[in-house]
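Structure, as structure tokens:
The values are calculated or read from the model by the stated rules, or taken from the named source; none is laboratory data. This structure is a prediction, so every number in the text was calculated from the model and none was measured. No Cβ is skipped: glycine too gets one built from the backbone with ideal geometry, and neighbour counts run over all protein chains shown. For accessibility, only protein heavy atoms count, side chains too; no ligands or nucleic acids. Shrake-Rupley method; radii C 1.70, N 1.55, O 1.52, S 1.80 Å.
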Amino acid sequence: MHAITFPCTDAVAEVWGAKRARLMVYLGASTYAVAIAFYMLGVYLPAAPGWSLNDAYVAIFSQAGRMIVASICATLVAQLLDIFIFERIKRMTGEKWLWLRNNGSTAISQFVDTTVFYSIAFYGIIPNDQLPALILGTYLVKLLITIIDTPFVYLLVRWITGSWTVKAIAETR
């Protein structure tokens, strides 16, 4: 599910610009944080009468704090980096080479996403000498998804604008 946020962010940055894409990231992270807060609140509230799975719920979500922090941090850092790189490449290429903007920005930001997430979530939990292999293996899967998502970015841009390319949008920061 998380993998689709990068092509969506790239399509928004392509059509409406970096400012709108950053707003989308901030709103998405805020919504994610609120949802997580409700899950965590559920750990401390009494169980619903007749629900026998409360112990399992509490066991899972009371230990999830580190992964939740890792996920929010990784998402914010990587998505904002993706937008930054996408915008830089777009300034150099204009309306040409959407594939380069999409693949270049996402390939770099997915590596950062994976590194930040695993470093926060699992540092000291799994043997530290295994962490780089875990990061690299996960990143390679995400890199494959990055290449596969390129046609979908083109289709999103075409669906939104009616054109396969978009002229560079002048925007204020």
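Just a few scattered comments:
- Accessible surface of the chain [probe 1.4 Å, protein heavy atoms]: carbon and sulfur percent: 73
- Using a cutoff of 8 angstrom between alpha carbon atoms and counting only pairs six or more residues apart, the relative contact order for the chain works out to 33 percent.
- Residues in the stretch 108-113 carry Karplus couplings, in order, of 6, 5, 5, 5, 5, 4 Hz; the curve used is 6.51 cos²θ - 1.76 cosθ + 1.60 with θ = phi - 60°, and Gly or Pro positions show x.
- The residues of the chain expose, per residue, 59 Å² of accessible area to a 1.4 Å probe.
- Reported to the nearest whole Å, the Cα centre-to-centre distance from the stretch 10-27 to the stretch 80-119 is 13.
- Ranked packing of 131-141, 78-88, most packed first, by mean Cβ within 10 Å: 78-88, 131-141
- When Arg66, Arg101 are compared by accessible area at a 1.4 angstrom probe, the order from most to least is Arg66, Arg101.
- Assigned charges on the beta-carbon of Lys, Arg, Asp, Glu; the chain dipole about Cα centre (debye): 620
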